[in-house]
1. Quick one: dipole size for region 105-151, taken about the Cα centre, charges +1 on Lys/Arg Cβ and -1 on Asp/Glu Cβ, in debye to the nearest 20.
2. Calculate the dipole size of the chain relative to its Cα centre from +1 charges on Lys and Arg beta carbons and -1 charges on Asp and Glu beta carbons; express the result in debye to the nearest 20.
3. How far, in degrees from 0 to 90, does helix 19-30 lean away from the longest principal axis of the Cα atoms of the chain, to the nearest 10?
4. Just to be sure I understand: of the beta bridges DSSP finds with both ends in region 8-147, what percent are antiparallel, rounded to 5?
5. If you roll a 1.4 angstrom probe over the protein chains with everything in place, what fraction of the accessible area of region 70-140 belongs to carbon and sulfur, to the nearest %?
6. Measuring with a 1.4 Å probe in the full set of protein chains, what accessible area per residue, in whole Å², belongs to the chain?
7. Compute the distance in nm between two label points, each set 7 Å from the Cα along the Cα-to-Cβ direction, one at Thr122 and one at Glu141.
8. Please go through region 19-116 and write out the trypsin sites (Lys or Arg not before Pro) that DSSP classes as loop and that have at most 10 other C-beta atoms within 10 Å.
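The values are calculated or read from the model by the stated rules, or taken from the named source; none is laboratory data. If you're wondering where the values come from, they're calculated on a predicted model, not measured in any experiment. Note that we place each Cβ from the backbone using ideal geometry, even for glycine, and neighbour counts take in every protein chain shown. Quick note on the areas: whole protein, heavy atoms, side chains included, nothing else; ligands and nucleic acids left out. Shrake-Rupley method; radii C 1.70, N 1.55, O 1.52, S 1.80 Å.
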Amino acid sequence: MSLSVSPPARVRPVGGPTAYELLDFVRRTAADSELVASLPLDPDGRTWVRLEGPGGSEAWLIGWPPGTGTGWHDHAESHGAFSTAQGELKEHSLAVRLPSAGWKTLELAEDVDRERTLPAGTGKAFGEHHVHEVLNESATEHAVSVHAYYPPLPLLRRFSRSGAVLRLEHVERPEDWQ
């Protein structure tokens with residue numbers, strides 16, 4: 001199955017913030033140097049603290065040691081935003097909308113790959129089913145970022161990728177990362 005490009009959702013969810021309102025929140029929060037400095041950083045693994053997000057959203061302050069990343073994943077039916085507060089992050093993403101269920105392996109169409117570098121002070125909003133991986137490619141510096149999702153994450157789908165083939169590996173639920 002090949003997938004084509006689809007634009008991010010811009011519809012306001014009932015009772016919750018839009019992706020662009022979440023982007024405003026993560027940018028403002030990432031600019032809070034006192035909050036960013038309060039995050040304990042671990043040289044061996046990512047650290048995180050849950051934050052109070054706007055309008056019932058889920059938000060996180062995350063520390064990224066040098067050379068760490070998320071692996072390929074999506075956020076199911078949640079839309080969101082993230083902003084780099086310290087250091088620099090790189091995002092690899094796919095300009096596709098994946099089926100929500102009923103598949104294990106997909107062959108991706110050409111030209112769906114996107115790459116973005118996010119230095120401190122920059123961020124990105126995204127729609128539902130946004131597939132990406134986020135990386136701190138620095139060999140020496142920690143990065144810190146702020147993330148927000150609405151509705152709060154019902155699950156996270158993790159993928160592996162080999163060339164044009166994307167494979168669903170497993171599904172994580174909130175209790176797996178709380």
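1. Rounded to the nearest 20 debye, it is 320 debye.
2. The calculated dipole for the chain is roughly 400 debye.
3. Relative to the chain, helix 19-30 is tipped by roughly 30 degrees.
4. On the way: 34 of 34 bridges.
Percent antiparallel among DSSP bridges in region 8-147 is about 100.
5. Working: 1280 of 2910 Å².
About 44 percent, which is the carbon plus sulfur part of the accessible surface.
6. Averaged over the residues of the chain, the accessible area is 49 Å².
7. In this crude label model, Thr122 to Glu141 measures out at 1.3 nm.
8. Those that pass, being in a loop and sparsely packed, are Lys104.
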